[in-house]
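Have a look at the structure below before the remarks.
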Amino acid sequence: MSKNATTLRNERTIARLEAFGGLRDQSMGDERESQVLLRGNSIALTFGLLTQFALAIGLALTGYWIIAFIVVILAGLQGYVSMWYTTACGISNAALNQRMGRRRKLATWGLAGLVILGFIGARMYQLFTGHALIRVDGVADIPTSPSTAWGMLVGALLGVGAAVVGFVVDARKAKARELQDIDEN
């Protein structure tokens, strides 16, 4: 049976990413060393993401909200690449997330919520008052109207709602695939 073009393209892309990331290099060591190295890299990625989110909130609090937004987008890009890679390798992120422990889920979602609230809160404060929460020389006050802040709040709520719906749909699809796999076996 021949492979379709998408599968071949994914395999080539995966091979390039693994070569770029050094996964096919002798420095990965044996299986145990490779496992430890990948776990260490996962911890480093998590620490890096937390650092980027803290930086974004700090920038937002000082009025540099556009740069803060760019930092958040770049942080999200790392997670997207990770999810794309695992999906291309045939691993269901939704199924893995369903197995996540309650404590970790609460910590992950709680932290994500705090980052989002901190970012949006800092921006809304600036929009309502015309200046950043923490004033910094060189950041000019901005003339705004409350309607801009309310528009941002409504947009943020719609975005969060859409994300929640997406996660629920994805989790249901993963559960359906899991049940189908069980029925086939």
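The values are calculated or read from the model by the stated rules, or taken from the named source; none is laboratory data. In this text, all values refer to a predicted model and were calculated from it rather than measured experimentally. Cβ atoms come from the backbone with ideal geometry, glycine included; neighbour counts cover every protein chain shown. SASA here: full protein model, heavy atoms, side chains in, ligands and nucleic acids out. Shrake-Rupley method; radii C 1.70, N 1.55, O 1.52, S 1.80 Å.
Return one quarter of the surface area of the convex hull spanned by the alpha-carbon atoms of the stretch 59-136, equal to its mean projected area, in nm².
6.2 nm²
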Tell me what the chain gives for mean residue ellipticity at 222 nm when only DSSP H runs of n ≥ 4 count, each as -39,500 (n - 2.57), the sum divided by the residue total, rounded to 500 deg cm²/dmol.
-27500 deg cm²/dmol
Between residue 111 and residue 164, how high is the FRET efficiency from 1/(1 + (r/R0)^6) when r is the Cβ-Cβ distance and R₀ = 22 Å? Nearest 0.05.
0.85
For the chain, the longest stretch holding no trypsin sites (Lys or Arg not before Pro) located in a DSSP loop with at most 14 other Cβ atoms within 10 Å is which?
25-98
Quick numbers on the stretch 91-140, Rg and Dmax over C-alpha atoms in Å, give 17.4, 49
Is the shape of the stretch 1-80 rounded, prolate or oblate, going by the alpha carbon gyration tensor and its root eigenvalues a ≥ b ≥ c, with a/c under 1.5 for rounded and a/b larger than b/c for prolate?
oblate
Could you please state how large a percent of the accessible area of the chain is carbon and sulfur, counting protein chains only and using a 1.4 Å probe?
66 percent
Semi-axis lengths, Å, the chain, gyration tensor of Cα atoms, sqrt of 5 times eigenvalues:
38, 22, 16
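On a 1.4 Å probe surface of the protein chains, which of 34, 27 comes out largest in accessible area, and what is the full order?
Result of the area sort, largest leading: 27, 34.
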Scaled by the rule-of-thumb 2.2 N^0.38 Å, the alpha carbon Rg for the stretch 95-185 gives a ratio of 1.62
Whole-number percent relative contact order across the chain, with pairs defined as alpha carbons under 8 Å at least 6 apart
20 percent
